[in-house]
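Participant: Structure below; questions to follow.
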Amino acid sequence: MIRLSATPFDPQAALADFSAGRTKVGAIVSFLGLARGDVAGAEALELEAYDGFTEAAIAAAVERARSRFLLLDAAVIHRVGRIAVGEPIVLVLTAAAHRREAFEACDFLMDYLKSDAPFWKKEFGPDGPRWIEPTQRDLSDLARWG
Amino acid sequence: MARVLLFGRLADVAGWRERAYEPTPARLGQLRVLLAQEDLALGKALEGPGVQAAVDKMLIRGDIPLRPGAEVAFLPPMSGG
């Protein structure tokens with residue numbers, strides 16, 4: 001399941017839904033990202049996506065994770081639009097028979113979302129808005145997966 | 001008519017997010033020339049590092065013909081999560 005949400009989402013409810021009725025799954029890993037104020041006084045982020053294109057690109061990354069890590073299922077919820085500092089911005093859930101695959105797939109998907117998924121992020125701080133682009137750290141995190 | 005979409009800082013550089021071009025330029029390269037003639041700063045930004053183009057929601061490297069009604073998006077470096 002891949003969802004872009006223009007309004008706040010409930011991570012606990014999403015995890016409960018994702019976990020319900022599983023019989024072959026032994027491990028679910030969840031990653032919850034919060035909107036962080038990078039500079040003092042930052043109030044909000046604004047995230048832009050490209051309708052249709054962004055969902056398809058995330059779905060292709062989930063398929064890569066599925067074959068690479070023996071993943072049984074995955075869900076991605078990503079906020080778009082204006083997000084207040086402290087609010088959940090992204091939730092990645094991965095389900096596998098064993099924990100290692102679930103951890104690695106979740107890590108892989110987050111590295112993808114951080115540096116390669118079609119989102120554009122603007123931070124509203126005390127000095128006005130500025131666009132955030134992937135950091136060197138984000139790019140080297142992504143490069144770990146080859 | 002070609003529909004042109006700008007994302008992220010490209011929309012700030014141009015001062016617009018979506019525009020229609022009539023008639024549709026024959027090739028992506030011709031659309032780039034047209035955009036740069038209209039707005040030198042946008043033309044430069046489109047050639048900047050990490051800026052990608054998508055035609056009908058498919059990433060394109062290099063130049064391709066545009067069908068009438070094509071949707072062309074210019075995508076600066078991406079950053080989510």
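Participant: Looking only at the stretch A:76-83, decide whether some residue is away from chain B (no Cβ under 11 Å), surrounded by fewer than 19 Cβ atoms within 10 Å (Cβ to Cβ) and in contact with a strand residue (DSSP E or B) (Cβ under 8 Å, 6 or more places away or on another chain). Outline the logic, then answer.
Facilitator: Narrowing the stretch A:76-83 to residues away from chain B (no Cβ under 11 Å): A:77, A:81-83.
So of that shortlist, the ones also surrounded by fewer than 19 Cβ atoms within 10 Å (Cβ to Cβ) come out as A:81-82.
After this cut, where a residue has to be in contact with a strand residue (DSSP E or B) (Cβ under 8 Å, 6 or more places away or on another chain) as well, the list is A:81-82.
Yes, there is a match, as at least one residue in the stretch A:76-83 is away from chain B (no Cβ under 11 Å), surrounded by fewer than 19 Cβ atoms within 10 Å (Cβ to Cβ) and in contact with a strand residue (DSSP E or B) (Cβ under 8 Å, 6 or more places away or on another chain).
Participant: Still on this structure, I have one more. Of A:ILE89, A:ILE58, A:ILE28, which residue is β-branched (Val, Ile, Thr) and under 22 Å from B:LEU6 (Cβ atoms)?
Facilitator: A:ILE58
Participant: Six or more apart or on different chains, Cβ under 7 Å: which pairs go from a residue in the stretch A:101-123 that's within 10 Å of chain B (Cβ to nearest Cβ) and surrounded by fewer than 20 Cβ atoms within 10 Å (Cβ to Cβ) to one that's among the polar types (S, T, N, Q) and part of a loop (DSSP other than H, G, I, E, B)? Could you list them?
Facilitator: none
Yes/no matrix, rows are residues, columns are (1) within 14 Å of chain B (Cβ to nearest Cβ); (2) over 16 Å from the mean Cα position of the chain (by Cα); (3) surrounded by 19 or more Cβ atoms within 10 Å (Cβ to Cβ):
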{"residue": "A:ASP10", "(1), (2), (3)": "no, no, no"}
{"residue": "A:PHE18", "(1), (2), (3)": "no, no, yes"}
{"residue": "A:GLY21", "(1), (2), (3)": "no, yes, no"}
{"residue": "A:ALA42", "(1), (2), (3)": "no, yes, no"}
{"residue": "A:GLU87", "(1), (2), (3)": "yes, no, no"}
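Participant: Go over the candidates A:LEU32, A:LEU71 one by one and state the one that is surrounded by 15 or more Cβ atoms within 10 Å (Cβ to Cβ), away from every other protein chain (no Cβ under 14 Å), in contact with a helix residue (DSSP H, G or I) (Cβ under 6 Å, 6 or more places away or on another chain) and within 24 Å of A:ARG99 (Cα to Cα). Steps first, answer last, please.
Facilitator: On the way: A:LEU32 fails: away from every other protein chain (no Cβ under 14 Å).
From the options A:LEU32, A:LEU71, the qualifying one is A:LEU71.
Participant: Quick check: anything in the stretch B:26-44 within 14 Å of chain A (Cβ to nearest Cβ), surrounded by 14 or more Cβ atoms within 10 Å (Cβ to Cβ) and either among the β-branched types (Val, Ile, Thr) or over 26 Å from A:ALA60 (Cα atoms) (or both)?
Facilitator: Looking only at the stretch B:26-44, we keep the residues that are within 14 Å of chain A (Cβ to nearest Cβ), and these are none.
No, the stretch B:26-44 has no match at all.
Participant: Just one of B:GLY81, B:GLY62 is in contact with a helix residue (DSSP H, G or I) (Cβ under 7 Å, 6 or more places away or on another chain) and at pLDDT below 95; which is it?
Facilitator: Details: B:GLY62 fails: in contact with a helix residue (DSSP H, G or I) (Cβ under 7 Å, 6 or more places away or on another chain).
Result: B:GLY81 is the single residue among B:GLY81, B:GLY62 that is in contact with a helix residue (DSSP H, G or I) (Cβ under 7 Å, 6 or more places away or on another chain) and at pLDDT below 95.
Participant: Just the residues that are more than 12 Å from chain B (Cβ to nearest Cβ), in a loop (DSSP other than H, G, I, E, B) and either under 20 Å from A:LEU72 (Cβ atoms) or not acidic (Asp, Glu) (or both), please, taken from the stretch A:124-146.
Facilitator: Of everything in the stretch A:124-146, those that are more than 12 Å from chain B (Cβ to nearest Cβ), in a loop (DSSP other than H, G, I, E, B) and either under 20 Å from A:LEU72 (Cβ atoms) or not acidic (Asp, Glu) (or both) turn out to be A:PRO126, A:ARG144, A:TRP145, A:GLY146.
Participant: Restricted to the stretch A:89-100, and to residues that are more than 10 Å from chain B (Cβ to nearest Cβ) and within 17 Å of the chain's Cα centre (by Cα), which residue is surrounded by the most Cβ atoms within 10 Å (Cβ to Cβ)?
Facilitator: Result: A:THR94.
Participant: Looking for whichever is modelled with pLDDT of 90 or more and aliphatic (A, V, I, L, M) here; the options are A:ALA44, A:ALA40, A:ALA95. Which one fits?
Facilitator: The conditions single out A:ALA95.
The values are calculated or read from the model by the stated rules, or taken from the named source; none is laboratory data. The model shown is predicted, which means the values in this text are computed figures rather than measured ones. Because the Cβ atoms are built from the backbone with ideal geometry, glycine has one as well, and the counts that use them run over all protein chains shown.
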